[in-house]
Amino acid sequence: MAKLNLDDLKKMRDEKRREMNRRDTDKSIEIIIGMGTCGIAAGAKEAFDAFVTAIDASNLDDVMIKQTGCMGFCANEPTVEVRMPEMPDTIYNNVDATIAERIVKEHILEQKMVSEYVFDKPSVDIVDGQ
Ligand code: FES
């Protein structure tokens, strides 16, 4: 193994802190990714990594990323549920890295659902004009 210098160690420490921070359960925004066998086979790991990258890039501190098992929607994997204040709980399907980036930008930052990938649409009386 190559020798680590002080900068390498600081980088590792910061990355670990960010990783721990993302798992902190005291966040108001949750991204829950179905990572059962069929989710992983459909690309849930790539979606997970894309969420992590997009959240870090946007400096979003109040977001927790969780993985869960089978969400029961085999044909629609990868599936992702987003829960946050001011928005209805929403399940997205067929989430690849590009859609993950859009969910962070549009759903979380702009509070607009990425309509064409919504699997479980909230009732229209809950969401006005979506
Ligand atoms: S095994 Fe595919 S949704 Fe459960």
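The values are calculated or read from the model by the stated rules, or taken from the named source; none is laboratory data. Here the structure is a predicted model, which is why all the values come from computation and not from measurement. Accessible surface areas use protein heavy atoms only, side chains included; no ligands, DNA or RNA. Shrake-Rupley method; radii C 1.70, N 1.55, O 1.52, S 1.80 Å.
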Notebook entry, point to check: Can you list the HN-Hα couplings for segment 53-64, worked out from phi with the Karplus curve (6.51, -1.76, 1.60; θ = phi - 60°), rounded to whole Hz and with x for Gly and Pro?
Noted result: 4, 5, 5, 4, 5, 8, 6, 8, 8, 9, 10, 10
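Can you put Phe73, Phe51, Phe119 in order of accessible area, largest first, using a 1.4 Å probe? The partial results should precede the final answer.
On the way: Phe73 55, Phe51 0, Phe119 75 Å².
My answer, sorted largest first, is Phe119, Phe73, Phe51.
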Item checked: Amide H within-cut-off set for Phe119, under 5 Å, with H built and near neighbours excluded -> Ile91, Tyr92, Asn93
Notebook entry, point to check: What angle, in degrees between 0 and 90 and rounded to the nearest 10, separates the Cα long axis of helix 6-23 from the longest principal axis of the Cα atoms of the chain?
Noted result: 30 degrees
Check: lysines within cross-link reach of Lys3: Cα-Cα under 21 Å, excluding same-chain residues under 8 positions apart?
Finding: Lys11, Lys16
Next item on the list: Measure off, as a whole percent, the carbon and sulfur share of the 1.4 Å-probe accessible area of segment 29-120, all protein chains present.
Entry: 48 percent
Checklist line | Solvent-accessible area per residue for segment 29-120 (1.4 angstrom probe, square angstrom) | finding: 46 Å²
Next item on the list: Report the residue, chosen from Asp26, Asp62, Asp14, that carries the largest GNM mean-square fluctuation when the chain is represented by alpha-carbon nodes joined by springs under 10 Å.
Entry: Asp14
Margin query: Can you list residues from other chains, or at least 5 along the same chain, whose modelled amide H is less than 5 Å from the amide H of Gln67?
Written below: Ile33
Notebook entry, point to check: Kirkwood Rh over Cα pairs of segment 29-120 into Stokes-Einstein at 25 °C, 0.890 mPa s: D in µm²/s?
Noted result: 194 µm²/s
